[in-house]
């Protein structure tokens, strides 16, 4: 018996030794390559990524029969079943009606996905076209309680670290779920800027990505999710899209053109950076949602067709997202170019597109493929390219809404640096008693005079120049004079009027050509030359009749389920764009920009966060901005004031898999138990307490097991050592200590255990 | 042809030889009995698990995996060796109102489990006692299947029994689950735990 036991243990040790020997070779190879200055080997674990990629199907019921309306890909971002996908693949719309979201998963890597679960949308942004779903049940209707699944998942990477020419791996499903999950590789060939989202609103890639892979994942070399391939949603009744008739949705006995057509789209060349999804994912993982807010009256605007007007180019965007200059041509070697335009009657989720031709040849690098609009109803927007040299040529920028061309603008790239006169960098402020400009900003208090300061260069005496001030789109005043100053410097101009709360614009012209422009907002009353708009911030756990109630303080005990912020405001014109950001321990969870829709003055405006259970211990912050200028930032502590350590599970550990077999027959032992202990315990320390256990797996019908949690890594100098036990009735138990996991350990670690009968 | 036939009379055992044989047999039997006793005591060895907050204590088999971290139970033990299903014993506590009855608790359990366990259905319900306190026993069955989508196993039919006893405003639920074909064989584990269960 003892001999058998020793023999079995020997086999286990031999297996582990073989595994360690096997995985040591690639490390050596990697080090040698790195020493020669080559790029490091691709380390991403494709198997885990493939298993974490799910196929998302929207379905609706017709006489009790599920009919598929739209399909797409998605990615598991937590072990308990949070899925990141495109909003258009998950939310019901005219083109994609749905009652149910069905999730198919990859069980065997070389086979198509298997419909297994249902899911619900926890939060979605139609503008960003991102949604977070949670697996909530099996297909037979049984519920899955939150936290009860242990699925493979991937970790969100830092998409800001992605650089031009980086190799990326894109994973998704290439068609209607007929084929296995597909992996395609490409390089990053550019970035596209968009207002509010910065220079990296989109990552552009050379990879060929089928439309159904929209919502899947793009990964860096470390296997972290850095982008979400995104294609514009199909429009019901819009321009013809490629689609397939899969089912007899009208129950007339035929699946033909009278039935619902499942769109497949074209090909994807744009990825939404994962940083834009981080807030959605974190909020979902913490079980936090945006709660109720003050009831307001939406600002009514005249109807009409959506459109873009006042197109102009700039090479620089300032800190509040406005054009620092206006250019009509740029010299050779220019690396940044932004197309600014005003928009009206737009709506989040509309599809818009920028097509750029260079010398009449379509250029995908500077174009933006059809994507969803995220800027709200009206305002100023830009699309651009930063950090990418523009080749010389005549560029035509054409803008489309829902496939209809609505505006265009041309610019010449080439030649030497221009020495033409120019105005740049407008900023606004107030004059103090000494005649100095103070309180410079793009949000100013009500008053009777506003100063604008701008830089100028290459100006010649006598050159005609003019300025025009606007209020809410209406011209207030204008003047044209001959330049009487130096060639270059800084100049102030003053507008004297009763500046009421609202949105203003200044345009500067040289020889009748727009040369600089900036917008500003008048709001609040002057306090030390600053605009005081919001005041009297209070946190509370309840609201009664629109007033704070319950506990009112800034330090709350653990266990509250709602957190309200109340504040007063003054002189804020309805329609002024304002932004609110909820932060948890400094991370932005929610950001909403919308027109102010309450009266200009008032008290007790409130916004709130709510939790599915209780709000986790953390520091909760609220930032309020007007015109991208942060006006107020407040915070409150709940419980300990910081999130528990490890609240966001890491996907960077090592997976342990393998097979448990009968040493004599070599057959798998179904039901055999494989236990991995936490690294601080050895087999000798184990007293059969679950708290000592890192993970347990029962062998399947083939004897295969997979530990449902990832083993945290140690370092090369201080590896984490794990102990394992294998048990099955009728067999001698096996155990082993000292399985080392370091930062270099390749995942998955495979262990095969042969048990001897007792 | 000559045939030799060796005919010997077997010599009778001596007194010493006879008793040596008897003693060897007795010793072997004794060792076997001791071995079996040791084995049984090893297999039936128990440890005490308790939850002071809820006032529940019970003896459970030693060397079973003990879990006191779950949300749905005070403690749960599983036999790591059992095949194909890990024999499970658990004790949980539900907060109930003063008018609650054991049947109401069983109804609540049935409603919860119906949405979580595949093909869950109740088989029988009967009156019982636990240390002279009135209790209710419910037998049920459901289908257990592999929850890790990467692993493939045939579903198993699991049979379970709950014993519910009310203690003030809490209902103590003692549960035993086993693969259907082994349910009766291991039911004594449940009975053993019930015999040692203390609610204080």
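Just one of the listed residues (A:181, A:132) is touching a helix residue (DSSP H, G or I) at 6+ places or on another chain (Cβ under 6 Å), within 14 Å of chain B (Cβ to nearest Cβ) and within 29 Å of residue A:349 (Cβ to Cβ), namely A:181.
Quick check on my filter: what residues within the stretch B:95-104 are surrounded by fewer than 18 Cβ atoms within 10 Å (Cβ to Cβ) and outside any loop (DSSP other than H, G, I, E, B)? If the condition is that a residue be surrounded by fewer than 18 Cβ atoms within 10 Å (Cβ to Cβ) and outside any loop (DSSP other than H, G, I, E, B), then B:95, B:103, B:104 are the ones that fit.
Residues in the stretch B:89-115 that are free of Cβ contacts under 8 Å to residues at least 60 places away in the same chain and either farther than 20 Å from residue B:131 by Cα or at the interface with chain A (Cβ under 10 Å from one of its Cβ atoms) (or both): B:99, B:104, B:107, B:108, B:110, B:111, B:112, B:113, B:114, B:115. Of the residues making up the stretch A:105-129, those that are within 12 Å of chain B (Cβ to nearest Cβ), outside any loop (DSSP other than H, G, I, E, B) and in contact (Cβ under 8 Å) with a residue 12 or more places away in the chain number 4. Scanning the stretch A:43-58 for residues that are at pLDDT below 90 and touching a strand residue (DSSP E or B) at 6+ places or on another chain (Cβ under 7 Å) returns A:44, A:46. Residue A:731 fulfils the conditions (1) within 12 Å of chain B (Cβ to nearest Cβ); (2) modelled with pLDDT of 90 or more; (3) closer than 30 Å to residue A:77 by Cα except for a single criterion, (3).
I'd like to verify a number: residues in the stretch A:415-437 that are in a loop (DSSP other than H, G, I, E, B) and surrounded by 13 or more Cβ atoms within 10 Å (Cβ to Cβ), how many? Total meeting the criteria: 3. Among the residues of the stretch A:573-593, those that are outside any loop (DSSP other than H, G, I, E, B) and within 17 Å of residue A:632 (Cβ to Cβ) comprise A:577, A:578, A:579, A:580, A:581, A:582, A:583, A:588, A:590, A:591, A:592, A:593. With respect to (1) surrounded by 20 or more Cβ atoms within 10 Å (Cβ to Cβ); (2) within 11 Å of chain A (Cβ to nearest Cβ); (3) without any contact (Cβ under 8 Å) to a residue 60 or more places away in the chain; (4) assigned to a strand (DSSP E or B), the lone exception for residue B:86 is condition (4). Checking each residue in the stretch A:146-178 for being within 14 Å of another protein chain (Cβ to nearest Cβ) and surrounded by fewer than 21 Cβ atoms within 10 Å (Cβ to Cβ) picks out A:146, A:147, A:148, A:150.
The set of residues in the stretch A:704-722 being more than 8 Å from every other protein chain (Cβ to nearest Cβ) and surrounded by 23 or more Cβ atoms within 10 Å (Cβ to Cβ) consists of A:707, A:710, A:711, A:722. Being surrounded by fewer than 16 Cβ atoms within 10 Å (Cβ to Cβ) and either at pLDDT 90 or above or farther than 27 Å from residue B:121 by Cα (or both) narrows it down to one of A:94, A:129, so name that one. Unique residue meeting the criteria: A:94. Quick check on the stretch B:52-64: of everything there that is at pLDDT below 90 and within 13 Å of chain A (Cβ to nearest Cβ), which residue is surrounded by the fewest Cβ atoms within 10 Å (Cβ to Cβ)? Per the criteria, the residue is B:62. Scanning the stretch B:148-162 for residues that are assigned to a loop (DSSP other than H, G, I, E, B) and either at the interface with chain A (Cβ under 7 Å from one of its Cβ atoms) or surrounded by 17 or more Cβ atoms within 10 Å (Cβ to Cβ) (or both) yields a count of 7.
In the stretch B:65-78, the count of residues that are away from chain A (no Cβ under 14 Å), at pLDDT 85 or above and either surrounded by fewer than 21 Cβ atoms within 10 Å (Cβ to Cβ) or over 20 Å from the mean Cα position of the chain (by Cα) (or both) is zero. When the stretch B:163-200 is filtered for residues that are over 19 Å from residue B:48 (Cβ atoms), within 11 Å of the chain's Cα centre (by Cα) and part of a strand (DSSP E or B), the ones remaining, listed by number, are B:177, B:178.
The set of residues in the stretch B:126-143 that are surrounded by fewer than 17 Cβ atoms within 10 Å (Cβ to Cβ) and within 30 Å of residue A:138 (Cα to Cα) comprises B:139, B:143.
The values are calculated or read from the model by the stated rules, or taken from the named source; none is laboratory data. Not measured: the values here are computed from a predicted model. As a convention, Cβ positions derive from the backbone with ideal geometry for all residues, glycine included, and neighbour counts pool all protein chains shown.
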